[in-house]
Amino acid sequence: MAMQSIYTPVQQQEKSHFYLPFLAGFYEHFAQPFAWTAFRVAIGGMLMIEGYPKIIAPMAQVGFVENLGFHPGWIWSPTLAAMQFFGGLMIALGLFTRPVALANAVMLAITLWFHFAHPYGHALLTDGGIAALKAGSDLFTPNAAVRLMDGGAKFLEQVQTKAELASLFWTGGAFFFAAFGGGYWSADKLFLKREF
(Lines give C-alpha, C1' and ligand atoms only; values in the text may rest on other atoms or scores of the structure.)
Protein backbone atom coordinates (compact mmCIF):
# COMPACT_ATOMS: atom_id res chain seq x y z
CA MET A 1 0.00 0.00 0.00
CA ALA A 2 2.79 2.44 0.83
CA MET A 3 4.28 1.97 -2.65
CA GLN A 4 0.98 2.86 -4.32
CA SER A 5 0.65 6.08 -2.37
CA ILE A 6 4.13 7.39 -3.32
CA TYR A 7 4.11 6.15 -6.92
CA THR A 8 3.33 8.81 -9.52
CA PRO A 9 2.70 7.63 -13.11
CA VAL A 10 5.28 8.81 -15.63
CA GLN A 11 2.73 10.84 -17.59
CA GLN A 12 1.76 12.80 -14.49
CA GLN A 13 5.42 13.47 -13.73
CA GLU A 14 5.99 14.74 -17.29
CA LYS A 15 2.98 17.04 -17.14
CA SER A 16 4.37 18.75 -14.06
CA HIS A 17 7.59 19.57 -15.93
CA PHE A 18 6.06 21.58 -18.78
CA TYR A 19 6.90 25.28 -18.86
CA LEU A 20 3.33 25.84 -20.02
CA PRO A 21 1.34 23.15 -18.17
CA PHE A 22 -1.92 24.12 -19.87
CA LEU A 23 -0.49 22.74 -23.16
CA ALA A 24 -0.07 19.23 -21.72
CA GLY A 25 -3.41 18.06 -23.11
CA PHE A 26 -2.59 19.48 -26.55
CA TYR A 27 0.75 17.68 -26.60
CA GLU A 28 -0.66 14.40 -25.35
CA HIS A 29 -3.88 14.24 -27.36
CA PHE A 30 -2.93 15.96 -30.62
CA ALA A 31 0.71 16.99 -31.17
CA GLN A 32 2.34 13.67 -30.25
CA PRO A 33 -0.16 11.44 -32.08
CA PHE A 34 -0.06 13.73 -35.13
CA ALA A 35 3.75 13.82 -35.28
CA TRP A 36 4.00 10.04 -34.79
CA THR A 37 1.44 9.44 -37.55
CA ALA A 38 2.98 11.97 -39.95
CA PHE A 39 6.41 10.35 -39.58
CA ARG A 40 4.92 6.85 -40.03
CA VAL A 41 3.08 7.96 -43.18
CA ALA A 42 6.27 9.58 -44.53
CA ILE A 43 8.31 6.40 -44.03
CA GLY A 44 5.59 4.17 -45.48
CA GLY A 45 4.83 6.58 -48.32
CA MET A 46 8.48 6.73 -49.36
CA LEU A 47 8.62 2.94 -49.47
CA MET A 48 5.48 2.86 -51.62
CA ILE A 49 6.92 5.44 -54.04
CA GLU A 50 10.18 3.50 -54.29
CA GLY A 51 8.34 0.18 -54.59
CA TYR A 52 5.75 1.19 -57.21
CA PRO A 53 8.05 0.80 -60.26
CA LYS A 54 9.16 -2.56 -58.86
CA ILE A 55 5.55 -3.74 -58.50
CA ILE A 56 4.89 -2.78 -62.13
CA ALA A 57 7.94 -4.81 -63.23
CA PRO A 58 8.56 -7.33 -60.43
CA MET A 59 11.37 -9.16 -62.27
CA ALA A 60 13.32 -6.01 -63.16
CA GLN A 61 15.57 -6.31 -60.09
CA VAL A 62 16.70 -9.93 -60.66
CA GLY A 63 20.23 -9.00 -61.72
CA PHE A 64 20.55 -6.40 -58.98
CA VAL A 65 19.53 -8.69 -56.10
CA GLU A 66 21.71 -11.51 -57.43
CA ASN A 67 24.69 -9.12 -57.58
CA LEU A 68 24.04 -8.46 -53.88
CA GLY A 69 24.16 -12.21 -53.22
CA PHE A 70 20.43 -12.93 -52.96
CA HIS A 71 19.76 -16.06 -55.03
CA PRO A 72 17.58 -16.94 -56.82
CA GLY A 73 16.78 -13.48 -58.10
CA TRP A 74 13.40 -14.54 -59.47
CA ILE A 75 12.25 -14.97 -55.86
CA TRP A 76 14.02 -11.98 -54.30
CA SER A 77 13.12 -9.41 -56.95
CA PRO A 78 9.32 -9.71 -56.49
CA THR A 79 9.85 -10.09 -52.73
CA LEU A 80 11.70 -6.76 -52.71
CA ALA A 81 8.89 -5.17 -54.73
CA ALA A 82 6.20 -6.48 -52.37
CA MET A 83 8.16 -5.52 -49.25
CA GLN A 84 8.60 -1.98 -50.44
CA PHE A 85 5.17 -1.29 -51.89
CA PHE A 86 2.82 -3.32 -49.70
CA GLY A 87 5.10 -3.05 -46.67
CA GLY A 88 5.13 0.72 -47.13
CA LEU A 89 1.34 0.74 -47.29
CA MET A 90 1.13 -1.31 -44.09
CA ILE A 91 3.58 0.97 -42.29
CA ALA A 92 1.68 4.07 -43.45
CA LEU A 93 -1.55 2.55 -42.11
CA GLY A 94 0.14 1.25 -38.96
CA LEU A 95 -0.94 -2.34 -39.67
CA PHE A 96 1.32 -5.11 -38.30
CA THR A 97 3.78 -2.27 -37.98
CA ARG A 98 6.63 -3.85 -36.04
CA PRO A 99 7.30 -6.96 -38.16
CA VAL A 100 6.75 -5.13 -41.45
CA ALA A 101 8.96 -2.23 -40.37
CA LEU A 102 11.67 -4.64 -39.21
CA ALA A 103 11.70 -6.45 -42.57
CA ASN A 104 11.92 -3.13 -44.41
CA ALA A 105 14.54 -1.79 -42.00
CA VAL A 106 16.81 -4.75 -42.80
CA MET A 107 16.24 -4.20 -46.53
CA LEU A 108 16.97 -0.48 -46.13
CA ALA A 109 20.12 -1.24 -44.12
CA ILE A 110 21.32 -3.35 -47.06
CA THR A 111 20.50 -0.41 -49.36
CA LEU A 112 22.49 1.91 -47.09
CA TRP A 113 25.45 -0.48 -47.18
CA PHE A 114 25.13 -0.66 -50.98
CA HIS A 115 25.36 3.14 -51.33
CA PHE A 116 28.54 3.19 -49.25
CA ALA A 117 30.09 0.13 -50.91
CA HIS A 118 29.20 1.08 -54.49
CA PRO A 119 29.51 4.86 -54.89
CA TYR A 120 28.39 6.53 -58.10
CA GLY A 121 31.95 7.32 -59.11
CA HIS A 122 34.06 10.41 -59.59
CA ALA A 123 32.93 11.71 -62.99
CA LEU A 124 30.19 11.44 -65.59
CA LEU A 125 32.26 12.50 -68.57
CA THR A 126 35.43 11.14 -70.06
CA ASP A 127 38.20 13.50 -71.10
CA GLY A 128 36.67 13.48 -74.60
CA GLY A 129 33.30 14.48 -73.16
CA ILE A 130 34.86 17.35 -71.23
CA ALA A 131 36.67 18.48 -74.40
CA ALA A 132 33.37 18.41 -76.34
CA LEU A 133 31.73 20.41 -73.56
CA LYS A 134 34.48 23.03 -73.59
CA ALA A 135 34.30 23.24 -77.38
CA GLY A 136 30.70 24.40 -77.07
CA SER A 137 28.97 21.29 -78.32
CA ASP A 138 25.22 21.59 -78.81
CA LEU A 139 24.84 18.21 -77.13
CA PHE A 140 24.74 19.94 -73.74
CA THR A 141 22.15 22.36 -72.37
CA PRO A 142 23.53 25.47 -70.64
CA ASN A 143 22.61 23.98 -67.23
CA ALA A 144 24.33 20.70 -68.09
CA ALA A 145 27.43 22.58 -69.23
CA VAL A 146 27.68 24.36 -65.88
CA ARG A 147 27.14 21.15 -63.89
CA LEU A 148 29.50 19.07 -66.00
CA MET A 149 32.42 21.47 -66.46
CA ASP A 150 34.42 19.43 -63.93
CA GLY A 151 33.30 16.19 -65.58
CA GLY A 152 30.33 15.95 -63.23
CA ALA A 153 32.42 15.27 -60.12
CA LYS A 154 30.66 17.81 -57.90
CA PHE A 155 27.24 16.74 -59.19
CA LEU A 156 27.96 13.05 -58.50
CA GLU A 157 29.25 13.93 -55.05
CA GLN A 158 25.94 15.65 -54.28
CA VAL A 159 23.97 12.68 -55.64
CA GLN A 160 26.06 10.26 -53.56
CA THR A 161 25.63 12.29 -50.38
CA LYS A 162 21.87 12.56 -50.90
CA ALA A 163 21.59 8.81 -51.54
CA GLU A 164 23.53 8.02 -48.36
CA LEU A 165 21.65 10.51 -46.18
CA ALA A 166 18.23 9.51 -47.54
CA SER A 167 19.01 5.83 -46.97
CA LEU A 168 20.25 6.57 -43.46
CA PHE A 169 17.09 8.53 -42.65
CA TRP A 170 14.67 5.91 -44.00
CA THR A 171 16.61 3.04 -42.39
CA GLY A 172 16.51 4.82 -39.03
CA GLY A 173 12.80 5.56 -39.46
CA ALA A 174 11.97 1.94 -40.26
CA PHE A 175 14.00 0.70 -37.26
CA PHE A 176 12.19 3.30 -35.11
CA PHE A 177 8.78 1.84 -35.98
CA ALA A 178 10.12 -1.71 -35.65
CA ALA A 179 11.09 -0.83 -32.08
CA PHE A 180 8.16 1.35 -31.00
CA GLY A 181 5.23 0.21 -33.16
CA GLY A 182 2.67 2.17 -35.11
CA GLY A 183 1.79 4.58 -32.35
CA TYR A 184 -1.33 6.42 -31.37
CA TRP A 185 -3.40 6.54 -34.56
CA SER A 186 -2.34 3.22 -36.09
CA ALA A 187 -4.59 0.44 -37.41
CA ASP A 188 -2.91 -1.84 -34.85
CA LYS A 189 -4.19 0.26 -31.94
CA LEU A 190 -7.43 1.62 -33.38
CA PHE A 191 -8.87 -1.52 -34.97
CA LEU A 192 -6.91 -4.55 -33.83
CA LYS A 193 -6.60 -3.19 -30.27
CA ARG A 194 -3.10 -4.64 -29.97
CA GLU A 195 0.40 -4.16 -31.29
CA PHE A 196 2.73 -6.73 -32.70
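Between A117 and H17, the modelled label-to-label distance comes to 4.2 nm, taking each label 7 Å out from Cα in the direction of the beta carbon. Within the full protein context, the accessible area of R147 is estimated at about 130 Å² for a probe radius of 1.4 Å. The heavy atoms of L165 offer some 110 square angstrom of accessible surface to a 1.4 angstrom probe.
Here each label is just a point 7 Å from Cα along the line to Cβ, and for A179 and V146 those points are 4.2 nm apart. With each label modelled as a point 7 angstrom along the Cα→C-beta vector, the N67-A42 pair spans 3.1 nm.
For a modelled paramagnetic label at L168, 7 Å from Cα along Cα-to-Cβ, the residues of segment 21-64 in reach, with backbone nitrogen under 19 Å, are 43. Counting only protein heavy atoms and a 1.4 Å probe, tell me what percentage of segment 53-196's accessible area is made up of carbon and sulfur. About 70 percent, which is the carbon plus sulfur part of the accessible surface. Per residue, the accessible area of the chain comes to 64 Å² when a 1.4 Å probe rolls over the protein heavy atoms. When the charge dipole of the chain is built from unit charges on Cβ atoms (+1 for Lys and Arg, -1 for Asp and Glu) and taken about the Cα centre, the candidate among A81, A163, Y184 whose Cα reaches farthest toward its positive end is Y184. Counting only whole DSSP H helices of the chain, the ones at least 24 Å long by C-alpha along their axis and with mean Kyte-Doolittle hydropathy no lower than 1.0 are 73-93, 97-117.
The values are calculated or read from the model by the stated rules, or taken from the named source; none is laboratory data. Just so it is clear, the model here is predicted, and its values are computed rather than measured. Backbone-built Cβ (ideal geometry, glycine too); neighbour counts: all protein chains shown. Each accessible area value is taken on the protein alone, full model and side chains, heavy atoms only, with ligands, DNA and RNA left out. Shrake-Rupley method; radii C 1.70, N 1.55, O 1.52, S 1.80 Å.
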